[in-house]
1. Look through region 64-98, keep the residues that are polar (S, T, N, Q) and touching a residue at least 24 places away in the same chain (Cβ under 8 Å), and return whichever of them is nearest to Asn5 (Cα to Cα).
2. Report the residue count in region 29-51 for those that are surrounded by 11 or more Cβ atoms within 10 Å (Cβ to Cβ) and not in a strand (DSSP E or B).
3. Filter region 13-28 down to residues that are of a type in the set (A, V, I, L, M) and touching a Lys or Arg at 6+ places or on another chain (Cβ under 8 Å) and give me whichever is farthest from Ser70 (Cα to Cα).
4. Check Arg15, Arg30 and return the single one that is farther than 20 Å from Asn103 by Cβ, in contact (Cβ under 8 Å) with a residue 24 or more places away in the chain and in contact with a Phe, Trp or Tyr (Cβ under 8 Å, 6 or more places away or on another chain).
5. Filter region 13-28 down to residues that are crowded, with 18+ Cβ neighbours inside 10 Å and over 19 Å from Ser74 (Cβ atoms) and give me whichever is farthest from the chain's Cα centre (by Cα).
6. Within the bounds of region 1-12, is there any residue that is of a type in the set (S, T, N, Q), exposed (fewer than 13 other Cβ atoms within 10 Å of the Cβ) and either in contact with a helix residue (DSSP H, G or I) (Cβ under 6 Å, 6 or more places away or on another chain) or over 26 Å from Ile65 (Cα atoms) (or both)?
7. So in region 80-122, with the set limited to residues that are of a type in the set (A, V, I, L, M, F, W, C) and exposed (fewer than 10 other Cβ atoms within 10 Å of the Cβ), which one is modelled with the lowest pLDDT?
8. State the number of residues belonging to region 85-99 that are out of contact with any Leu (no Cβ under 8 Å at 6 or more places or on another chain) and in a strand (DSSP E or B).
Amino acid sequence: MSNFNKVLLMGNLTRDPELRYTAGGTAIARFGMAINRMYKAQDGEQKKETCFVDVSMFGRRAEVISEYFSKGSSIFIEGRLRFEQWESQDGQKRNRLSVMAENFEFVGSSQKNNDSSAFAEEKPPMQSEKPVSDNNVSNIDDVPF
């Protein structure tokens, strides 16, 4: 049986990206996203549903996200689901599903530097860069967040 793990999300950042580096020097950006869904209920009323997702990204792309995006910025990401498990300080087992982003695209114009000429002069090379995997990182949990 084959397996496939792919996520495509477009939404807005719920907080500024947090940029940290592993002991080996690999950049990790963590941020939250809100993805809104509009639908019509059975009674005909318009409803809005929001899904909140935690996202992590590695490498040069993480640095670019930290530099150009802030809370409220629109972003399109491509990645995969990741199941995380840990034990809290009070001894309880915790887990969550998050997204490990592998690529992203700028959407709209609500990035940190709202001057569009800044993007025209120095738009980061996203497509030519080799994807960075968390397999290269010894232990993501060792990065303090």
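The values are calculated or read from the model by the stated rules, or taken from the named source; none is laboratory data. On a predicted model such as this, the values are computed, not experimentally measured, just so you know. Note that we place each Cβ from the backbone using ideal geometry, even for glycine, and neighbour counts take in every protein chain shown.
1. If we filter region 64-98 for residues that are polar (S, T, N, Q), which is where we start, we get 66, 70, 73-74, 85, 88-89, 92, 95, 98.
Next, only the ones that are touching a residue at least 24 places away in the same chain (Cβ under 8 Å) stay: 66, 70, 73-74, 98.
Details: Ser66: 25, Ser70: 27, Ser73: 26, Ser74: 23, Ser98: 12 Å.
Here the answer is Ser98.
2. 0
3. Our first condition is that a residue be of a type in the set (A, V, I, L, M); within region 13-28, this holds for 13, 19, 23, 27-28.
This time we only want the ones that are touching a Lys or Arg at 6+ places or on another chain (Cβ under 8 Å), so: 13, 27-28.
Values: Leu13: 7, Ala27: 17, Ile28: 15 Å.
Once the filter is applied, the top-ranked residue is Ala27.
4. On the way: Arg30 fails: farther than 20 Å from Asn103 by Cβ.
Going through Arg15, Arg30 in turn, just one is farther than 20 Å from Asn103 by Cβ, in contact (Cβ under 8 Å) with a residue 24 or more places away in the chain and in contact with a Phe, Trp or Tyr (Cβ under 8 Å, 6 or more places away or on another chain): Arg15.
5. The initial filter retains those residues of region 13-28 that are crowded, with 18+ Cβ neighbours inside 10 Å, namely 13, 17, 26-28.
Remaining after also requiring over 19 Å from Ser74 (Cβ atoms): 26-28.
On the way: Thr26: 16, Ala27: 13, Ile28: 10 Å.
So the residue we want is Thr26.
6. Checking region 1-12: at least one residue is of a type in the set (S, T, N, Q), exposed (fewer than 13 other Cβ atoms within 10 Å of the Cβ) and either in contact with a helix residue (DSSP H, G or I) (Cβ under 6 Å, 6 or more places away or on another chain) or over 26 Å from Ile65 (Cα atoms) (or both).
7. Taking region 80-122 and keeping what is of a type in the set (A, V, I, L, M, F, W, C), we get 81, 83, 86, 97, 99-101, 104, 106-107, 118-120.
Next cut, exposed (fewer than 10 other Cβ atoms within 10 Å of the Cβ) only: 83, 120.
Working: Phe83: 95, Ala120: 38.
Out of the qualifying residues, it is Ala120.
8. Quick first cut of region 85-99, residues out of contact with any Leu (no Cβ under 8 Å at 6 or more places or on another chain) only: 85-96.
Pick out the ones that are also in a strand (DSSP E or B) and you get 85-87, 93-96.
The number of residues fulfilling the criteria is 7.
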